[in-house]
Each structure stands twice: as C-alpha cells, then as structure tokens.
Amino acid sequence: MLKNYLLTAWKVLLRRKFFTFISLFGITITLSVLLILSTALDNFLYPSGPEKNNHQLLFIEQLTIESRDGQSNWSSEPGYGFLKDNVRDLKLPEKITFFSQATEGSSYINGNKIDSHLRRTDTSYWEILDFNFLNGRTFDQAEFDSGQMVAVINKKTQKNYFSGENPIGKNIIINEQTFSVIGVVEDVFVGETHAYADIWVPYTTFASTQFETELMGGWSALLYHSNPSILPQIQQEYVNQLKNDFVTHDPEQFHKAIGGADTKLERIAREMTNTEDYESNAASMITMWIVLVLCFMLLPSINLINLNISRIMERSSEIGVRKAFGAKTGQLVIQFVVENILITAIGGGLGLLVSWGVLSQIEASGVLPGADVNYNWRVFLYGFGFVFVFGLLSGTYPALKMSRLHPVTALKGGVR
Amino acid sequence: MLSHIAKLIWNRKRSNLLIITEVAITFGVLFAVIYLGIYNYKVFNTPLGFEWKNTWNIRIDTGGRWNNETDKVQLKAIAEVLRTRPEIKSADVIMMPLFVNGRWRSVETINGHRAPYKANMLNHEAPKNLGVELVSGRWFGPQDDGQNYQGVMVNQRFVDEFLDSVEPVGFEFSDPGQPEAKPKRIVGIFKDFRQQGEFSTPGPYMFFRYNWEQGDSFGLRNIMLKFDKPQPASYEKDLHQTLKQIAPSWEFNIQSFKNLRQQRINEIVIPMTVMAVVVAFLLIMVAMGLFGVLWQNINRRIQEIGLRRAIGASENSIRLQIIGELIVLAIFGMAAASIFIIQVPLLNLIEAVTWGNFVVSMLLSISAMLLIVIICALYPSHSATKLSPAVALHYE
C-alpha cells in the first residue's frame, strides 16, 4: 500500500517539474537553516573535544550576591575566594577544579604581535577534562605548588610561535611573563567554553596574589562525578551550601549568594534567560526554542500549503475516481500526507547536503577557532523530526480539503 | 474596478485567506529587515564625536578589586612616564573604554522627570585630546576643585532631550536622596561622544572628571595613547615591557582602536548579513510560491477568462484584472500586518523605533512587496491573455 503511495507521489513529482522545483526549493532552504542551527547546537551540547564527558560535569560560572539590606546586588562569574570557601569542601563531587576565565595574552615575535587566550588552572583540571596531548605532558602537583613557570600550548600556538617546530623545553613570553613549554594539545573548539584556550599555565604563576580573596569575578569551577545520576544530589548540596552555610568575609555587603551548579544545557538556559536563581530555568528555554522553530516554519509551511492546495485540483479527477470506487476520506488523507512527507524528506536530504556545505565552509574559514563540526545520529534524528513536523504542518490541511471533495464535482474537474 | 476585484476576492475568501496570511507574514519580516537596515545605516553615519585614528587602548587588569590608595598612585605614575615619550601626543585615562559593549548607565531627576543617560569618567585633558568638540561653556578642569559643586559636562543630545527650556550651562542637579552630597553643575556642553562605537544608539551622555589625586573607588582601568603616526607591533612590545617595569603586578592588554572598532563593526555586520541572506531566500521562496499558485489558479479559471474574452474584453483588461486581484490581495495582507506593526511605535514597545524611520521603512517595504507581487503576476497574466477565446470556452 505504502509502496503504491510512494510510487504515485514520485510520478506526480516528475509530472510537473517546475512545481516540484518550487516546493523543493522552499523545503530545502527551511530545513537547511534548521539543520545548521541544530547541528551547531548539538556540537555545543555534546562536544567532541576535552569536554566530551560533560554529562559527568557540573559548571559553576555565574553567581549573584546581595547586600544585607537587599538594595544592591552584583552578578558575574564567581571569584577565587568564593570558590575556595564555598566549593572546595563539597563532599559529593569526586573531583573539583578551579580555573580562571580565558584572558587575552600578547606575545611579540619577530616584530609581529600574536594574540592568544591564556587560562590559569590547577592540576585536577587536566584529570577532569580529556585533552588530546600531541606532545609532552601537563604540569604535576609539585610544579603547581611551587609556582613553576610552565605552560601547555595548543597546536595553533605551536605553529604561530615556533613555526611548527617541537616546542618542548623552549620558552614562550606572554604578557611579559616567561614560561617553559611542557606540552602541546590539539586545538580546542571555542564553544567548549571551559576547555578553550591557546595557552594553559598553573594559577600559582599569577603575578599578584590579590585574586585569592576575591568573592566575585574571573573564575569558574567544574564538579566531576563518574556516575551522572549523582549530579542532581551534588546540585542540591551546592544550593544548600549557598542557602545555609555561605561563607563570606564581608557579611554586610555580601550577605546572600544565589547561583547553581549547572549541566551544560542548564548553563545555556541560565545565560539566555538571564536567570539569577538557584534553578536554571531550562524548561522555559526549551519551550522558547520550540516556539521559535515553529514560528520560523510558519511562513514556509503556509507557502507550501498554498502550493499544495492549488496542485490538488490538478488531480481532482484522480480523487474523483478513487472516491467513486469507495476510497475512504481517511485513506486519501493518509495518502496525501505520505506524499507530502516524501517530498519534504527529499528536501530534507538536500538540506542536509546544503547545511554540511555551509558548516564546512564556516569551519574552513576559521571564524570559529577550533571548530570541528561532527555529524552523528542525533543530527539525523533532528532532521527526521523537522521533516516530519514540517510535512505534517504543510500537508494536513490540503489533504483534508482534498478528501472532502464530492466525487461528482471532483470527477467533473474540481471546484471553484 | 477595484470594488469589483474586492468582491471577486471576497467570494473566494477561504482560499485567499492563506495567500493573505502568507503576504502578511512576509510583509512583517520584510519590514523588520528594512527597518533594521535603515536604522543601522543612519546610526552608522552619525558622527562619533571623537577621533580614533592612531590611538591605542591599554586595558589594565589589577588582578582584583581596585585598591584606590595604592592603585591611583600607580596609574598616575604610568601616565606620567608615558607622557614623557616624544612619539606619544597624549596619555589619558577613561573608565568605560571606547568601542566595547560595556557602558555605564545612570539617571537624574530633572523637574520631576526621569532623565536616563550614559556616563563616563575621564581626566580633564582627555576630551580635548580625543577631538571632542566643545559647543558652549568651558571644559572642566582644576578650577572645579574645592568648589561647592561637582563640575560635569553633557552632550548636545542631553540638552535637547532634557534641558531645552532652561539655560544648560550652569544648571545644577541635586540628589534629594543624598542632601549632603555636592550638586553636579554643568560647566560645558560637548557635541557628542558615542563611546560604544558607530552602531550604538546615540543618546544623552555625561562626562565626570577624574581627579588624579583623589582617584575613584571603582577605579579606571583604561589608558588611551594618541600617537603622531602609526606605530608597529615592535613598538607595542617595548611599551608592554615599560608598563610591566612600572607595575609588575598588573596585567596589560594593548589594542589599537582601529582593531577594536573593526571587531565592534563585525559583531553587528556579520549577524545582519546572515539574517539578510536567510530573509532573501525566504522572499525568493515566497515569490516562487505565489507565482506557482497564481499560475495554477489561472489554469483553473480558463472558462471565466474565455467568457470575458468572448464578450469583448481586451488583453489589457484581462492582464489588469489578474495583476489587480493579486495587488488587492497583497494590500489586504499588508493592512493586516500593519495593524500589528504599528503597535510598536504607538505603544513605544521598542525605544529605538522612531516615527521618521518607521514611515520610510513602511513605504519601502510596501513598494518592495508590491514589486514582488507584480513580478509574480506578470507571466501568469500574460499567459492568460494568450488564450484564444474559442479554445478557452471549449475547455473540459
């Protein structure tokens, strides 16, 4: 039965090539845009680089503090002092790391300036995140404790600074501090916001120690547990810490701390919905996304509905015959929706090709450092989802309208 | 003629409703893009109010909060050393740096009305060195020290918006919440200062004066260096070393305003371009869809057209009818969309939307929409006129 439907649909598509082209053009454009967005989002949520185990991670990177009178509040990344007093002693996480935001670092070589991103970390950072070492190693606890001037660099820095030669043991000067290179890692995609940097050094190499007491600004923490099902308990522990045992040295000004340890999705939600609460508002963000996608599909759908309606009339004699021989309304609706989903699927396939082309162009252009777009089964799943929703949106109404035709009028060649 | 067409459309309202909806949504999208385009073009061509050529910015990271007692001394020392260099024309400090997204917003109450504005703090030589133009009054300076007021400067837009009925120079604001604080007195008016760059919305602006001796509890972390000629990267290395020698515990980031400005422009232009490309494809898609629908409709109305031809309608009147019908449809769609769009300036939903821009982009999007619709109708109407009446009547 389905085979018959598909065969009819195929023949219809071939019959009026111009109309098929118009329909396919619209479908392909719509699905390409959606596929590009969802592939980008997928690569962001499920990175393939050092943060690939992010289902075992919680991120602490936003904090709001309130003064005792409730009049003033500040919101930014936490400071090192806050993390030391409030996060270090959490019991449930197996591993905890503190590290600075990636800051700009300047180096000068042969009269040229090289801009890079510099991140200062501890040692457990390297155990939690899975960096791909091309050469050398990371710093150990002894080097970290004694504040050794050592650095791990990425491949790009190796190319720019050492013209690709083996840099191990050589010196690199960043912001007028000299570091000895001990390791080289693969470039990290900028979307992996906690792993991304060009140069990583121990945070004990900071020129000043003022950062150690700061409550706000410039730092983040990752909490790791090998069993992802424990993560909600860790989130609860962190929130309890903030609610009940918040440690602050200036309780007048910094009285109350609000924030959460978020999964990657929750982290985006917190950022996009500007949430300053213990909860991250992920549900409302997902609803917002779905509404936006449907809004974007609206115009192409109406366009396709219009086209479909005018094309059905061409086939009114076919419908008349089928009806006269006893086909039920439901059967005709299903047949037409299947036909529509078929053409949407062809458009989806083309859209996949287009989005692949666009994304690999973006990747090659270097606009997004370290971008490495991956296609996996999830992207295909999104594609199927879009095809199905779009096909239903644009196929159901014309199908209903068609199936309601009276056989006599249909046989005579349609309605006005 | 028009009422006749309107009647024809009304008779087929169910099938036309979808086309009207499609036109309405397309019109909304088209209007939004044209509005954004016009707005950004105008804003981009509004003068910045300062010179950025051959100027560099040094951003300071003190590693923590600003410790005014020690940090103000160090900042002054750096500025003094830099000023002794012959190639440096001027070295000034500023709180909110140029060409970045960060801004400082504040609000005053003037005659019982809220007067929100953006503000900045810089040393008194800085505006002159940056090429800011003085409109009236005088620059603030050391003569404002120890007075019973705090000398501030505002831009012409501030005066136009909040102080058009009073003499602005010498005007004083006092904060009723803090009666013991000194009132702010406007000592001079400058032309403009669009700190966030070409694409920022022009608006009221206020300069506070940075006093090297007093410092500031929040701290100033940006030094602006003006050179007599462009400097190479090797100079930057030298500069970086000098800075590190004076303040070893601070970190410095040196950028030319040329680069910062370009980055800021790209931040706006790249997303706009992507959006414009997507919208262009959407429009092509809609245009092709309308074309297809219209063509198909003509085929279905062959009898009607044949009849009209047989009783003596000319080719032109057939063509006019087809195009006219689509235009009336488009007008319905645009009217429906306009009911929603007009709420934006009426209810002041988006602050930056002004009536002037609104009317221009409305006219432009109406013309663009009509153009698209007419192009879509051209071929189908042509093919309709080519039907010979005899053949058309023979249909079936």
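A few remarks follow.
- Extreme residue, surrounded by the fewest Cβ atoms within 10 Å (Cβ to Cβ), among residues of region B:217-259 that are under 32 Å from the mean Cα position of the chain (by Cα) and at the interface with chain A (Cβ under 8 Å from one of its Cβ atoms): B:Asn253
- Only a single item in (1) among the polar types (S, T, N, Q); (2) within 14 Å of A:Thr64 (Cα to Cα); (3) buried (at least 16 other Cβ atoms within 10 Å of the Cβ) is not met by A:Gln241, and it is number (2).
- The residue that is farthest from B:Leu363 (Cα to Cα), among those in region B:33-45 that are more than 14 Å from chain A (Cβ to nearest Cβ) and in contact with a helix residue (DSSP H, G or I) (Cβ under 6 Å, 6 or more places away or on another chain), is B:Tyr39.
- Residue in region A:135-148 that is in a strand (DSSP E or B) and more than 30 Å from A:Gln241 (Cα to Cα) present: yes
- Filter result for B:Ile38 (within 30 Å of B:Ile189 (Cα to Cα) and crowded, with 16+ Cβ neighbours inside 10 Å): yes
- The listed residue being crowded, with 17+ Cβ neighbours inside 10 Å, within 14 Å of chain A (Cβ to nearest Cβ) and outside any strand (DSSP E or B), out of B:Leu75, B:Leu82, B:Leu48, B:Leu30: B:Leu30
- If the condition is being more than 10 Å from chain A (Cβ to nearest Cβ) and outside any helix (DSSP H, G or I), then region B:295-311 contributes only B:Ile311.
- Which listed residue, of A:Glu276, A:Glu339, A:Glu314, A:Glu318, is more than 23 Å from A:Gly391 (Cα to Cα) and either more than 14 Å from chain B (Cβ to nearest Cβ) or touching a residue at least 24 places away in the same chain (Cβ under 8 Å) (or both): A:Glu276
- Taking region A:197-210 as the range and being closer than 30 Å to A:Asp250 by Cα, of a type outside the set (Ser, Thr, Tyr) and within 31 Å of the chain's Cα centre (by Cα) as the test, only A:Pro202 passes.
Residues checked against (1) assigned by TED's automatic domain parsing to the domain that holds A:Ile199; (2) surrounded by 19 or more Cβ atoms within 10 Å (Cβ to Cβ); (3) in contact with a helix residue (DSSP H, G or I) (Cβ under 6 Å, 6 or more places away or on another chain):
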position	(1), (2), (3)
A:Leu350	no, no, yes
A:Ser355	no, yes, yes
A:Pro369	no, no, no
A:Trp377	no, no, no
A:Gly385	no, no, no
A:Ala399	no, yes, yes
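- In this entry, A:Thr263 is excluded by the filter for residues that are within 14 Å of another protein chain (Cβ to nearest Cβ) and on the phi < 0 side of the Ramachandran plot.
- Residue selected from region A:200-230 under the condition part of a helix (DSSP H, G or I) and more than 9 Å from chain B (Cβ to nearest Cβ), by the criterion surrounded by the most Cβ atoms within 10 Å (Cβ to Cβ): A:Tyr203
- Any hit, region B:143-160, residues being under 30 Å from B:Glu267 (Cα atoms), assigned to a loop (DSSP other than H, G, I, E, B) and in contact with an Asp or Glu (Cβ under 9 Å, 6 or more places away or on another chain): no
- Check on B:Val278, facing another protein chain (nearest Cβ under 7 Å) and within 28 Å of the chain's Cα centre (by Cα): yes
- Scanning region A:310-332 for residues being surrounded by fewer than 19 Cβ atoms within 10 Å (Cβ to Cβ) and aliphatic (A, V, I, L, M) gives a total of 3.
- Any hit, region A:182-196, residues being under 30 Å from A:His249 (Cβ atoms) and crowded, with 22+ Cβ neighbours inside 10 Å: yes
- Among the residues listed as A:Thr248, A:Thr287, the single one being assigned to a helix (DSSP H, G or I) and not assigned by TED's automatic domain parsing to the domain that holds A:Thr28: A:Thr287
- B:Gln262 fulfils the conditions (1) loosely packed, with under 15 Cβ neighbours inside 10 Å; (2) at pLDDT below 85; (3) under 18 Å from the mean Cα position of the chain (by Cα) except for a single criterion, (2).
- Residue in region B:319-335 that is more than 19 Å from B:Phe27 (Cβ to Cβ) and among the small types (Gly, Ala, Ser) present: no
- Scanning region A:103-125 for residues that are modelled with pLDDT of 90 or more and not in a strand (DSSP E or B) yields A:Asp122, A:Thr123, A:Ser124, A:Tyr125.
- Identification of helices (runs of 4 or more DSSP H) wholly contained in region A:1-92 with 1 or more residues that are under 26 Å from A:Tyr238 (Cβ atoms) yields A:17-45, A:80-86.
- Taken together, the criteria place B:Ile322 among residues that are part of a helix (DSSP H, G or I), assigned by TED's automatic domain parsing to the domain that holds B:Asn40, buried (at least 16 other Cβ atoms within 10 Å of the Cβ) and in contact with a Ser or Thr (Cβ under 6 Å, 6 or more places away or on another chain).
- Complete set of residues in region A:343-361 that are of a type in the set (Gly, Ala, Ser) and touching a Ser or Thr at 6+ places or on another chain (Cβ under 6 Å): A:Gly347, A:Gly351, A:Ser355
The values are calculated or read from the model by the stated rules, or taken from the named source; none is laboratory data. Remember, it's a predicted structure, so these values are computed and weren't measured experimentally. Glycine gets a Cβ as well: all are built from the backbone with ideal geometry, and neighbour counts include every protein chain shown.
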